[in-house]
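All remarks here apply to the structure that follows.
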Amino acid sequence: MRNPYEVLGVAATASSAEIQSAYRKLAKKLHPDLNPGDKAAEDRFKEVAAAYDLLGDADKRKRFDAGEIDASGAEKPPQQHYYRDYAAGNHGNPYADASGYADFMDEDDPFAEMLRRSHHARANRRGQDLHYRLAVDFVDSITGATKRLTLPDGSTIDVTIPPGLVDGQTLRLKGKGAPGTGKGGPGDALIEVEVRPDRRFTREGDDITIEVPISLTEAVLGGEIRVPTATGEVSMRVPKGANTGTKLRLRGKGAPRRGGGHGDQFVRLRVMLPPEPDPELEAFVAGWKGKDYDPREGRTS
């Protein structure tokens with residue numbers, strides 16, 4: 001541990017006022033409330049606070065100067081054999097109590113109040129939030145589900161997937177994070193959900209689209225077909241003369257909406273000929289009066 005005079009940047013002959021002034025200047029610069037998320041500044045602030053905890057106390061400073069305690073505030077044993085009898089003494093933890101801030105406690109200024117609040121907050125600090133990732137199937141993201149997440153320590157938690165969840169959405173499980181200190185409660189578990197793609201479905205907002213193949217017969221004559229949805233197959237009527245690209249609507253078969261109700265599912269048709277050549281079909285088309293119809297007529301490139 002560094003010499004506390006060096007930490008505060010003062011000489012060993014510095015007065016109490018000079019030591020307090022040096023600490024106050026450094027604390028204002030490094031205080032965690034003024035440097036959120038800066039770990040280096042926080043560690044430096046702890047070092048400065050520990051140094052002031054020792055030098056700001058006249059008795060501790062006198063004993064340090066006399067070589068009776070070290071920079072951490074621990075007793076220096078007269079003999080190595082007895083070290084463990086002394087090592088369990090006061091280690092000068094700047095957050096163990098508010099004594100390190102005693103000189104400021106009666107000052108009526110915002111920074112003194114900040115130090116008081118900081119001490120209280122650190123003694124009763126809420127636990128950290130813990131971050132996880134969870135992959136779910138597309139259908140489960142639409143209908144909702146309960147998934148079990150295995151944590152790094154081997155324990156598990158059950159995660160409720162709400163209906164209509166979108167890829168990248170973060171779920172918060174209150175109280176499932178790291179434990180706090182003192183009266184501070186535990187943090188939360190923040191679970192970022194990844195929705196696995198489904199080769200059948202695509203989602204745009206609250207609507208879902210699926211492409212369904214139909215036969216030439218169904219395209220020409222129409223008919224009933226079975227269509228997959230996130231909640232299971234349903235029957236759908238294909239109109240006569242349907243083409244590849246024809247889009248049909250299944251109302252209410254999309255994702256749940258936040259304000260209530262559901263989006264729609266759109267079914268895009270794709271006409272498929274038989275996989276093997278069919279001589280009978282070829283003969284029919286060859287003699288068909290409409291064979292000269294040109295679907296590209298009137299189109300520009």
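Gain in length, Arg133 to Lys46, computed as 0.36 nm per residue apart minus the alpha-carbon separation, to one decimal in nm? Could the numbers behind the result be given before it?
Details: separation 87, 0.36 × 87 = 31.32 nm, distance 3.32 nm.
Answer, rounded to one decimal: 28.0 nm.
In the structure shown, do any of Lys28/Lys62; Lys240/Lys289; Lys25/Lys46; Lys28/Lys76 have a Cα-Cα gap over 21 Å, and if so which?
Working: Lys28/Lys62 26 Å; Lys240/Lys289 19 Å; Lys25/Lys46 14 Å; Lys28/Lys76 32 Å.
From Lys28/Lys62; Lys240/Lys289; Lys25/Lys46; Lys28/Lys76, over 21 Å: Lys28/Lys62; Lys28/Lys76.
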To the nearest 0.05, what FRET efficiency results for Arg258 and Ala145 with a Förster distance of 22 Å applied to their C-beta separation? 0.75
Please sort by residue number the trypsin sites (Lys or Arg not before Pro) in segment 13-58 whose DSSP state is loop and whose Cβ has at most 16 other Cβ atoms within 10 Å. none
Nitroxide proxy distance, nm - points 7 Å out along Cα→Cβ at Ala178 and Arg2: 2.5
For Thr244, enumerate residues with amide H under 5 Å from its amide H, sequence gap 5+ or separate chain, H modeled in the peptide plane. Val271
Gap separating the Cα centres of segment 137-180 and segment 1-44, nearest whole Å: 43
Quick one: which residues, 5 or more positions from Lys253 or on another chain, have an amide H under 5 Å from its amide H? H modelled 1.01 Å from N in the peptide plane, none for Pro or chain starts. Gln265
Report the one residue of Gly254, Val285, Ser215 whose Cα lies farthest in the direction of the positive end of the charge dipole of segment 201-291 (charges on C-beta: Lys and Arg +1, Asp and Glu -1; origin at the Cα centre). Gly254
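With all distinct Cα pairs included, what does the Kirkwood hydrodynamic radius of segment 130-195 come out to in Å, to one decimal, could you say? Can you show the working numbers first?
On the way: mean 1/r = 0.0803 Å⁻¹.
12.5 Å is the Kirkwood radius here.
Are there GluC sites (Glu not before Pro) in segment 31-76 that DSSP marks as loop and that have at most 13 other Cβ atoms within 10 Å, and which are they?
On the way: sites: Glu42, Glu47, Glu68, Glu75; in loops: Glu68.
Loop-located and lightly packed - Glu68.
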Check Glu211: other-chain or 5+ apart residues with amide H under 5 Å from its amide H, H built from backbone geometry? Arg268
Which pairs break 19 Å Cα to Cα here: Lys147/Lys174; Lys39/Lys183; Lys147/Lys176? Lys39/Lys183
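Assuming 0.36 nm per residue, please report the length gained on full extension of the stretch Thr13 to Thr202 beyond their Cα-Cα distance. If you can, show how the numbers build up before the last one.
Values: separation 189, 0.36 × 189 = 68.04 nm, distance 7.46 nm.
The Thr13-Thr202 span can extend by a further 60.6 nm.
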What do you get for Rg/Rh over segment 154-262 if you use C-alpha atoms and the Kirkwood form of Rh? 1.21
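What dipole magnitude, in Debye to the nearest 20, does segment 130-195 give about its Cα centre under +1 on Lys/Arg Cβ and -1 on Asp/Glu Cβ? Provide the component values of the computation, followed by the final result.
Working: 7 positive and 8 negative charges, 72 e Å.
I would put it at about 340 debye.
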Place a point 7 Å from the Cα of Lys289 along the Cα-to-Cβ direction; which residues of segment 214-233 have their backbone N under 19 Å from it? 220-221
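Grab the Cα-Cα distance for Leu273 and Gln169, subtract it from 0.36 nm times how many residues apart they are, and report the gain in nm with one decimal. If you can, show how the numbers build up before the last one.
Numbers: separation 104, 0.36 × 104 = 37.44 nm, distance 4.17 nm.
Fully extending the segment from Leu273 to Gln169 adds 33.3 nm.
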With θ set to phi - 60°, apply the Karplus curve 6.51 cos²θ - 1.76 cosθ + 1.60 along segment 246-259 and write out the HN-Hα couplings as whole Hz, x wherever there is a Gly or Pro. 4, 10, 10, 10, 10, 5, x, 9, x, 7, x, 9, 4, x
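Each value in this text was obtained by applying a stated rule to the coordinates, not by laboratory testing. Quick caveat, the model's predicted, so the values are computed rather than measured. So basically every Cβ, Gly included, is an ideal-geometry build from the backbone, and we count neighbours across all protein chains shown.
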